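Quick notes on the structure that follows.
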Amino acid sequence: MRENHPSTTSDDDQRSSLLDLARAEISSNSKTRNYGGFPDPGSGSGPSEPQAPFPDQVLENVLENVLHFLSSRHDRNAASLVCRSWYRAEALTRSELFIGNCYALSPARATTRFTRVKSVTVKGKPRFADFDLMPPDWGAHFAPWASALAQAYPWLEKLHLKRMNVSDADLALLADSFSTFRELVLVCCEGFGTPGLANVAAKCRLLRVLELVESVVEAEDDEEIDWISCFPESQTNMESLVFDCVECPINFEALESLVARSPRLKKLRLNQFVSMAQLHRLLLRAPQLTHLGTGSFSATEPGVVGELEPDHTAAFEACRSLVCLSGFREIWADYLPAIYPVCANLTSLNLSYADVNAHQLKAVIRLCHKLQIFWVLDSICDEGLQAVAATCKDLRELRVFPVDASEETEGPVSEVGFEAISQGCRKLESILYFCQRMTNAAVVAMSKNCPDLVVFRLCIIGRYRPDPVTQEPMDEGFGAIVMNCKKLTRLAVSGLLTDRAFEYIGRYGKLVRTLSVAFAGATDMGLKYVLEGCPNLQKLEIRDSPFGDGALRSGLHHYYNMRFLWMSSCRLTRQACQEIAQALPNLVLEVINDNDEENAGDDIEILYMYRSLDGPRDDAPRFVSILH
């Protein structure tokens, strides 16, 4: 599953809010402070005589004013651990709350600790849920959080949710509770439909951002509502409207009217039911757009051909501020020349849904000299990647997705295009590359030519595939990446790997925070190297690998410092998992079966382990066993 808004931002530059939440709750006497219009949680209702502030009060007031300038969650977490007065002051000045795991603490604990929050981000299921490795009704329900936020933060302005189960009732509660609500972003969420969206559109009259990214929007014929028509009929404050994942038709006349009365609109991403002719009308209404998702990019209206065809090229040419282009879900390649006028200014281009050939793509790429972010299908072929390398010298992020992910096929991209990118795009900071073959030499070249890599994800499709030229394991290639790329924080490994590759990661990957392992590994010693050698490791995702109980036990010293560990289709036993649960009581160990029966055998299909301040959750389904 792909997020349809390319971004190089990492969500791991902090240990999450759990660092400061883990401290004991500290009570303090009421002090005179400027609460910026919020209620003073410690003040009484009766009159009081003015008093000269104590010296420590003055210092705390100064500290609060200073902490307002701290924007990094990492810095704020560190500040809250200095002493009690810093702990109190940091809580009173934090306006943005980030929860990396909705089960890591209760909503009540979060809202009690932080009383002045205006923006909340909550994440639910782990990333491997995107690959259908987790049963759909596992949990991550937003309802408890919605209720707590509605009571604690009536002034809430922004809400970002990722991989959460959100109902229409949750959205209705948000719309009724937050009078100044401005921003709702739902990424990879599910459980809601058009009735919930209609409530948000109708009642959140200050709404500026509504983004539905890779989410599943329920579309029942008897419950479907024309939610686009529910926005206020007056001029709106909309700046971003993203609904490309909504798989049902929309009222185009209402959409066109909404775009026309939204002069601040900068980002618009359309679903596949918006045709090229309709896109043309929208572009004429909103030439100020900077980010555009094109919708289907095909002619879906019969009779709109020949001389009646709108001038799409002129419509794009009028959008002089356009820097980000995506969409193309049902692309008609003959329309691609229409985007030529905007290519010179593009810094981000997402063609990860456009199944077009290398020749067609090269005509576009050769115009994109300013491109920094590029997502594409492997239909671009090595030839197309060579064109990218020759043109896009400022490229910072590249993602190449497979058209066909089966192991039997021979993919159209290989080490040839990969090495060309490393030679031509030396400012590269992030790469995700799916392929059926890769050589150590090409990966070593990438490590030397692109030393600023922060994210390196190489997904060799197929089980335990060696270097096709030398038939050697891919150890030296991945070893070179962790040795030469000193800024690396995220790494995904695959292919035939021995313990030597993991020894390299443990020895040199000191900044690695996220490690993903798929169809790779040899013995338990490999994982032991990683768990003992990577002090900053926060997320460890392992699937279909031979690691067993010994590997699991080797991380006892580090698990409290991690956000989560995921192991599926490995060689774990229930006894070893039980030992971890007893040794580390503040960790939650969930054993997940892929059926509705309770876990009874000794084999472990999925282990999902995470830290929690409030113990095991109370909404686990029958196929989840929580070990104690």
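The values are calculated or read from the model by the stated rules, or taken from the named source; none is laboratory data. What you see is a predicted model, and the numbers here were worked out from it, not measured in a lab. Note that we place each Cβ from the backbone using ideal geometry, even for glycine, and neighbour counts take in every protein chain shown. These accessible areas exclude ligands, DNA and RNA; they are computed on the full protein's heavy atoms, side chains included. Shrake-Rupley method; radii C 1.70, N 1.55, O 1.52, S 1.80 Å.
Residues in the stretch 61-77 that are in contact (Cβ under 8 Å) with a residue 12 or more places away in the chain and over 18 Å from Thr121 (Cβ atoms): Asn61, Leu63, Glu64, Leu67, His68.
Within the stretch 259-275, being surrounded by fewer than 24 Cβ atoms within 10 Å (Cβ to Cβ) and under 19 Å from Ser296 (Cβ atoms) holds for Val259, Lys267, Asn271, Gln272, Phe273, Ser275.
Residues in the stretch 359-385 that are among the small types (Gly, Ala, Ser) and surrounded by fewer than 21 Cβ atoms within 10 Å (Cβ to Cβ): Ala363 alone. If the condition is being hydrophobic (A, V, I, L, M, F, W, C), closer than 16 Å to Ala358 by Cα and either open to solvent by less than 10 Å² (accessible area, probe 1.4 Å) or part of a helix (DSSP H, G or I) (or both), then the stretch 399-434 contributes Val400, Val413, Val416, Phe418, Ala420, Ile421.
For the stretch 94-135: of the residues being touching a Lys or Arg at 6+ places or on another chain (Cβ under 7 Å) and among the hydroxyl-bearing types (Ser, Thr, Tyr), which is surrounded by the fewest Cβ atoms within 10 Å (Cβ to Cβ)? Ranking the candidates gives Ser95 first. Look through the stretch 300-335, keep the residues that are more than 15 Å from Leu349 (Cβ to Cβ) and aromatic (Phe, Trp, Tyr), and return whichever of them is modelled with the highest pLDDT. Applying the filter and picking the extreme gives Tyr335.
Tell me which residues, restricted to the stretch 204-224, are open to solvent by 40 Å² or more (accessible area, probe 1.4 Å) and farther than 22 Å from Ala260 by Cβ. Spell out the reasoning first.
From the stretch 204-224, those open to solvent by 40 Å² or more (accessible area, probe 1.4 Å) are 205-206, 208, 216, 218-224; that's our starting set.
Passing the criteria: Val216, Glu218, Ala219, Glu220, Asp221, Asp222, Glu223, Glu224.
Can you find even one residue in the stretch 344-366 that is of a type in the set (Gly, Ala, Ser) and in a strand (DSSP E or B)? Yes: one or more hits. Would a scan of the stretch 111-124 turn up a residue that is part of a helix (DSSP H, G or I) and over 30 Å from Pro621 (Cα atoms)? Checking the stretch 111-124: not a single residue is part of a helix (DSSP H, G or I) and over 30 Å from Pro621 (Cα atoms). Within the stretch 290-299, the residues that satisfy the criterion of being surrounded by fewer than 20 Cβ atoms within 10 Å (Cβ to Cβ) and within 17 Å of Asn350 (Cα to Cα) are Thr290, His291, Ser298.
If you go through the stretch 66-104, how many residues are outside any loop (DSSP other than H, G, I, E, B), among the aliphatic types (A, V, I, L, M) and closer than 27 Å to Ser147 by Cα? Working first, answer last.
Just the residues of the stretch 66-104 that are outside any loop (DSSP other than H, G, I, E, B), to begin with: 66-67, 73-80, 84-93, 96-99.
Then drop every residue that is not among the aliphatic types (A, V, I, L, M), which leaves 66-67, 78-79, 89, 91-92, 97, 99.
Retained after the next criterion (residues that are closer than 27 Å to Ser147 by Cα): 89, 91-92, 97, 99.
Looking only at that region, the number is 5.
Name the single residue that is nearest to the chain's Cα centre (by Cα) among those in the stretch 610-628 being small (Gly, Ala, Ser) and farther than 20 Å from Tyr560 by Cα. Restricting to residues being small (Gly, Ala, Ser) and farther than 20 Å from Tyr560 by Cα, the top hit is Ala620. For beta carbons closer than 9 Å, sequence separation of 6+ or different chains, a first residue in the stretch 333-354 that is under 15 Å from Cys368 (Cβ atoms) and a second that is open to solvent by less than 10 Å² (accessible area, probe 1.4 Å) and charged (D, E, K, R), the qualifying pairs are Ser348/Glu397.
Give, as residue ranges, the helices (runs of 4 or more DSSP H) completely inside the stretch 439-531 that count at least 3 residues that are farther than 26 Å from Arg563 by Cβ and either open to solvent by less than 20 Å² (accessible area, probe 1.4 Å) or touching a residue at least 40 places away in the same chain (Cβ under 8 Å) (or both). Filter on the stretch 439-531 gives 440-449, 475-484.
Summed over the stretch 136-186, residues that are open to solvent by less than 50 Å² (accessible area, probe 1.4 Å) and acidic (Asp, Glu) total 4.
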